[in-house]
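S.K.: I am attaching a structure below and will ask some questions about it afterwards.
The values are calculated or read from the model by the stated rules, or taken from the named source; none is laboratory data. Since the model is a prediction, treat every value here as computed from it, not as a measurement. Positions of Cβ are generated from backbone atoms using ideal geometry, with glycine treated the same way; all protein chains shown enter the neighbour counts. Side chains included, ligands, DNA and RNA excluded: accessible areas come from the protein's heavy atoms. Shrake-Rupley method; radii C 1.70, N 1.55, O 1.52, S 1.80 Å.
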Amino acid sequence: MLMIAEMRLLKTAPLISYISFLALYIFSYTITPISSNYLQEDFIKCLHRNTHVNFPLEKTFFTPEKNASTFINVLEATAQNYRFLTKATPKPSFIFKPVHESHVQASVICSKKLGIHLRIRSGGHDFEAVSYVSQIETPFVLLDLSKLRQINVDIGENSAWVQAGATLGEVYYRIAEKSKIHGFPAGLCSTVGVGGYITGGGYGALMRKYGLAADNVLDAKIVDANGKLLDRSSMGEDMFWAIRGGGGGSFGIILAWKLKLVLVPETLTIFSVTKTLEQDPDLKTLSKWQHIADKLVAELFIRVVIRASGNNTAAASYRGQFLGDRGTLIEIMKKAFPELGLTEKDCTEMKWIESVIFNGEFPTGTPIEALIQVKSPLVNPSFKSKGDIVKKPIPALALKGIFKRMVQQEPGTFVAFTPYGGMMAKISESEIPFPHRSGTLFKILYNSNTGTRPSRQLNWIRELYSFMTPYVSSNPRQSYVNYRDLDLGQNTKNTTSNFKNAQIWGAEYFKGNFERLVRIKSKVDPHNIFRHEQSIPTLPVQSFS
């Protein structure tokens with residue numbers, strides 16, 4: 001507010017005075033980073049001055065100088081994309097694992113005071129690794145929230161407070177400990193960190209019935225750019241709106257979410273039916289899926305995953321979840337989707353928590369304890385992803401083009417179609433920043449395993465993305481922010497050009513909501529403390545006048 005008032009006073013001043021004032025303002029705010037030799041020591045001293053809660057250094061503070069192997073182990077522990085763990089990839093100066101909320105507050109205060117940049121990691125699943133790698137900031141510090149993972153489930157209130165470092169698998173497991181008829185509509189991958197995931201929206205097998213994870217948030221705790229701890233009431237509705245779908249790392253550091261639990265039946269039904277090209281040569285089954293998947297009853301979710309299946313061919317797996325019994329599902333499918341040929345033998349009735357194991361693609365028979373103990377099978381060690389939003393059915397010839405490109409692919413490479421409709425079509429596209437609602441048939445995730453031949457695989461996925469241009473959304477071509485893709489554009493240190501460039505990729509992720517996100521960012525973090533390669537930019541200085 002002070003800056004806004006000062007800039008208004010400059011409206012009538014000569015241009016030379018305006019420039020002089022602006023230079024003085026920037027000079028007074030910018031702090032030259034101290035020598036890296038003293039950076040860690042001074043950061044620790046500053047933390048002690050700004051928190052009364054102790055943090056044992058050997059368990060919370062990790063540096064390459066003190067113990068290189070331990071530092072690398074901690075860095076890689078929840079780094080979910082090995083493509084960003086090469087020797088050439090920039091590494092943080094050190095890693096701090098806070099064990100108390102006040103440690104996060106102190107970290108923000110100290111990073112500003114010492115002139116160093118923070119990256120914040122909950123589960124490490126950011127597709128472009130911006131939560132633990134910085135290509136544009138040196139030095140930078142990694143704030144790893146994995147020790148902040150408390151979960152308090154209140155069945156009587158139909159809610160749960162979940163700290164940012166907890167994983168989706170832990171959330172599901174703790175809910176199931178308390179109730180057989182409660183769940184939460186979130187993702188398929190069990191090791192995703194709750195903190196960053198919900199900031200992008202968060203979809204899963206319950207989305208057609210209950211919407212996104214971000215649609216089911218009641219409250220939040222966040223540390224703002226001044227190091228203050230805020231909840232929904234104290235942050236205000238604008239900021240609360242922005243953090244539920246506006247992308248992570250832009251408005252503050254999420255410490256916890258209060259989630260609204262949803263009802264699930266004691267028995268639901270899952271199935272998986274695979275169709276090879278030989279079984280469906282004209283792709284009539286997939287073509288029919290495109291026409292009906294978003295129009296089925298909201299209780300039925302059918303996702304399609306296309307993978308290479310060996311012998312120079314590919315197959316589509318139809319993986320479904322129905323909130324009801326096997327018999328009812330079979331009747332629905334006979335009427336709406338007979339082309340799939342679903343039989344009772346294909347179907348398995350189970351509890352909701354067991355369906356989480358199925359949707360996470362764990363091996364059959366895996367105990368539910370795997371949700372809190374085992375790394376998710378859905379994670380590719382090294383990958384590149386891209387996304388699309390589909391508004392009208394893709395012609396069969398184009399579908400064959402996808403299969404043609406898949407047949408000689410690496411294991412782990414896939415293309416996934418996720419259906420919309422149901423509750424997703426009923427919620428306004430401006431209700432939260434996530435805008436892909438009514439009119440969306442499904443979204444596409446292209447995922448390329450880049451492990452053995454990274455250059456070839458990067459070229460492959462970019463060519464496939466180019467090939468799909470005529471068949472997906474346009475003006476703008478839309479994508480999902482949690483499918484982060486730096487090919488769409490990225491920030492630099494030049495904040496003026498950031499705003500101009502971000503208008504392009506911002507519209508792709510957020511459509512018309514991007515402008516509101518920028519206004520809120522400019523209000524709550526005017527000095528752009530929270531930033532990364534695709535964070536929401538602030539308005540140019542002139543726009544404040």
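S.K.: Please give the FRET efficiency for ALA68 paired with TYR38, using the beta carbon to beta carbon distance and R0 = 22 Å, rounded to the nearest 0.05.
M.R.: 0.65
S.K.: Oh, and also: Check the straight Cα-Cα distances from LYS209 and name the aspartates and glutamates below 14 Å, setting aside those fewer than 8 residues away within the same chain.
M.R.: Straight-distance partners of LYS209: ASP294, GLU299.
S.K.: Computed from the coordinates I sent, volume of the Cα convex hull per residue in Å³ equals one of [x] 190; [y] 154; [z] 517. Tell me the label.
M.R.: [y]
S.K.: To two decimal places, what compactness ratio does region 349-463 give when its Cα radius of gyration is scaled by 2.2 N^0.38 Å?
M.R.: 1.29
S.K.: Order these peptides, 81-89, 507-515, by their mean beta-carbon neighbour count within 10 angstrom, highest first.
M.R.: 507-515, 81-89
S.K.: Residue by residue, what Karplus-based ³J(HN,Hα) values in Hz, rounded to whole numbers, does region 255-260 have, using 6.51, -1.76 and 1.60 with θ = phi - 60° and x for Gly and Pro?
M.R.: 9, 6, 10, 9, 9, 8
S.K.: Determine the dipole magnitude for region 53-163: charges of +1 sit on the beta-carbon of Lys and Arg, -1 on that of Asp and Glu, nothing else is charged, the reference point is the Cα centre, and the result goes in debye to the nearest 20.
M.R.: The calculation lands at about 360 debye.
S.K.: Further question: Just grab the label-to-label distance for LYS295 and LEU263, each label 7 Å out from Cα along the Cβ direction, in nm (one decimal).
M.R.: The modelled label-to-label distance comes out at 2.9 nm.
S.K.: So how much slack lies between LYS45 and LYS500, counting 0.36 nm per residue of separation and subtracting their Cα-Cα distance, in nm?
M.R.: Extending this stretch completely gives an extra 159.9 nm.
S.K.: Could you state the number of Å between the C-alpha centres of region 281-307 and region 471-538?
M.R.: Region 471-538 and region 281-307 have Cα centres spaced 32 Å from each other.
S.K.: How big is the shadow of the Cα convex hull of region 167-287, averaged over all directions, in nm²?
M.R.: Across all orientations, region 167-287 yields a mean hull projection of 10.0 nm².
S.K.: Whole-Hz Karplus ³J(HN,Hα) for region 234-249, in order, using 6.51 cos²θ - 1.76 cosθ + 1.60 and θ = phi - 60°, x for Gly and Pro?
M.R.: 7, 7, x, 5, 4, 5, 4, 4, 5, 7, 9, x, x, x, x, x
S.K.: Label region 247-330 by shape, choosing from rounded, prolate and oblate, from the square roots a ≥ b ≥ c of the eigenvalues of the Cα gyration tensor; if a/c is under 1.5 it is rounded, and otherwise prolate applies when a/b is larger than b/c, oblate when it is not.
M.R.: Oblate shape, in that a/c is at least 1.5 and b/c is the bigger or equal ratio.
S.K.: Same structure again: Positive end of the dipole of the chain, charges at C-beta (+1 Lys, Arg; -1 Asp, Glu), about the Cα centre: which of LEU268, GLY156, PHE442 has its Cα farthest in that direction?
M.R.: PHE442
S.K.: Modelled label-to-label distance, GLN373 and VAL99, 7 Å Cα→beta-carbon offset: nm?
M.R.: It works out to 2.5 nm between the two label points.
S.K.: To the nearest 0.05, how large is the calculated FRET efficiency for ALA336 and ARG516 if R₀ is 45 Å and r is the Cβ-Cβ distance?
M.R.: 0.75
S.K.: Same structure, new question: Could you size up the charge dipole of the chain around its Cα centre, putting +1 on the beta carbon of Lys and Arg and -1 on that of Asp and Glu, and report it in debye to the nearest 20?
M.R.: The dipole magnitude comes to about 860 debye.
S.K.: Rounded, prolate or oblate, given the Cα gyration tensor of region 442-524, with a/c below 1.5 counting as rounded?
M.R.: Taking the square roots of the gyration eigenvalues as a ≥ b ≥ c, region 442-524 is prolate.
S.K.: What is region 67-151 by shape, rounded, prolate or oblate, if you read a ≥ b ≥ c off the alpha carbon gyration tensor as root eigenvalues and call it rounded for a/c under 1.5, prolate for a/b larger than b/c, and oblate otherwise?
M.R.: Oblate is the answer for region 67-151, as a/c is 1.5 or above yet b/c matches or exceeds a/b.
S.K.: Counting each pair of different Cα atoms once, what's the Kirkwood radius of region 371-432 in Å, rounded to one decimal?
M.R.: Here the Kirkwood hydrodynamic radius works out to 15.4 Å.
S.K.: For the peptides 53-63, 291-301, 152-162, what is the packing order when you average, over each peptide's residues, the other Cβ atoms within 10 Å and list the highest mean first?
M.R.: Ranking the peptides 53-63, 291-301, 152-162 by packing returns 291-301, 152-162, 53-63.
S.K.: Order the peptides 348-361, 262-275 from the highest to the lowest mean number of other Cβ atoms within 10 Å of their residues.
M.R.: 348-361, 262-275
S.K.: Suppose each label sits 7 Å from its Cα in the direction of the beta carbon; what would the SER438-LYS180 distance come out to in nanometres?
M.R.: Result for the modelled spin labels: 4.0 nm.
S.K.: Send over a whole-number figure in Å² for the accessible area per residue of the chain, probe 1.4 Å.
M.R.: 41
S.K.: Past 27 Å, Cα to Cα: identify those pairs from LYS147/LYS493; LYS59/LYS228; LYS91/LYS112, in the order given.
M.R.: Beyond 27 Å between Cα atoms: LYS147/LYS493.
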